Amino acid sequence: MVIIINVHSVINQASTMECLMPPTISVVIPFYNAEPFFSEVYKSICSQTIQPEEIIVVIDGYSEKAEAFLKEYKNIKVVTPAENGGPAKARNIGVSNATSELIAFIDADDKWEANKLEKQLEFLAKHPEFSACHTGIKTFSDNDIIATFNDKSFSLTLSEVLTACHVLPSSLMIKKSAFDAINGFDAKIRCSEDQEFTIRLISNDLKIGFLAEPLSYLRREDQGNISSNGRNMVIGHFQVLKKHWSLFRKNKGTMPNYLYKTFMTAGGKSQGIERKLYYLAGHIIKLFFSVK
């Protein structure tokens, strides 16, 4: 018997199968003193309706305690840099160890709805023009919901990301190719690195789409993270302002709005005279520049 194989038919069938297969997802988690909260984030990942290809946990600075703790969890890849470099560097290291086409970030004290990854995968498949997708969020403390943020632009503009931090890592799914194209997070910025990252994405014509469902939960318990400190936040924001000075200058009105929100938010995260000074600076900027 002679078997005739149509090579073009086989190639076309293989290409069709590749198109039908959804892209794989790597979850990246920076870990720093997160032992009290990690079981929740791990459970929310394991409960996803679409399971990621891998879970990469980056211990932010070597710790025997953290390493021993994480050994209790199955099916995770633990990476242990020698030094503490902050969440931006930890995320970059995590992505450099990832093997998937898509990256989903989550902080080690946050959690997701069970269909978060599935919904984002569907969104990116339906809207291939986007390089990344973020979701609505709910902030919480213990088991209580504090606030819901679900009203953002479908496609973020440069003016919007210059004015405020719209995309938080725990809500973000991004194509690894897009992440690599802008060299990831700026590890020199220890606070506000997420806003700086989105500014570079948008300014490099890489679009970020919004999935208007609150699928991500951010813990707000003043647990000592970098962003809970008002002074750290002001320092981080001024690093962002210095780095992207030309963009702020070109986009009229963004700088006073950015500074107003910086000082008012920092005031809410500070105490005593520092709190009063931040609020005063915010009110002066609002009055002088007619910030709405």
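We did not get these values from a lab; they are worked out from the coordinates using the rules stated. Small disclaimer: the values here were computed from a predicted structure and weren't measured. As a convention, Cβ positions derive from the backbone with ideal geometry for all residues, glycine included, and neighbour counts pool all protein chains shown.
A few points about this structure:
- Residue of Ser170, Ser96, Ser159 that the Gaussian network model of the chain assigns the largest fluctuation, springs spanning Cα pairs under 10 Å: Ser96
- Radius 13 Å from Cβ of Ser47, net charge of other residues (Lys, Arg +1; Asp, Glu -1): 0
- Cα shape, the stretch 39-197, gyration tensor, a/c 1.5 rule: rounded
- The fraction of all Cα pairs in the stretch 242-284 landing in successive 10 Å bins from 0 to the largest distance is 31, 40, 26, 3, given as whole percents.
- Share of alpha-carbon pairs per 5 Å distance bin for the chain, given as whole %: 1, 5, 11, 15, 17, 17, 13, 8, 5, 3, 2, 1, 1, 1, 0, 0, 0, 0, 0
- Of every Cα-Cα pair in the stretch 115-253, the percent that sits beyond 20 Å: 49
- Two-site label geometry, Ile145 and Glu274: point separation in nm, points 7 Å out along Cα→Cβ: 3.3
- Average projected area [Cα convex hull, the stretch 71-165], square nanometres: 8.9
- Applying a DSSP loop filter and a limit of 14 other Cβ atoms within 10 Å to the chymotrypsin sites (Phe, Trp or Tyr not before Pro) in the stretch 105-184 leaves Phe154.
- Estimated from helices alone, the mean residue ellipticity of the chain at 222 nm is -13000 deg cm²/dmol (sum of -39500 (n - 2.57) over DSSP H runs with n ≥ 4, per residue).
- Checking the Cα-Cα distances for Lys89/Lys242; Lys65/Lys119; Lys71/Lys138 against a 24 Å cut-off, the pairs over it are Lys65/Lys119; Lys71/Lys138.
- Each peptide in 63-75, 188-200, 264-276 gets a packing score, the mean of other Cβ atoms within 10 Å over its residues, and the list from highest to lowest is 188-200, 264-276, 63-75.
- Among Ile174, Ile145, Ile56, the largest mean-square fluctuation in a Gaussian network model of the chain (Cα springs under 10 Å) belongs to Ile145.
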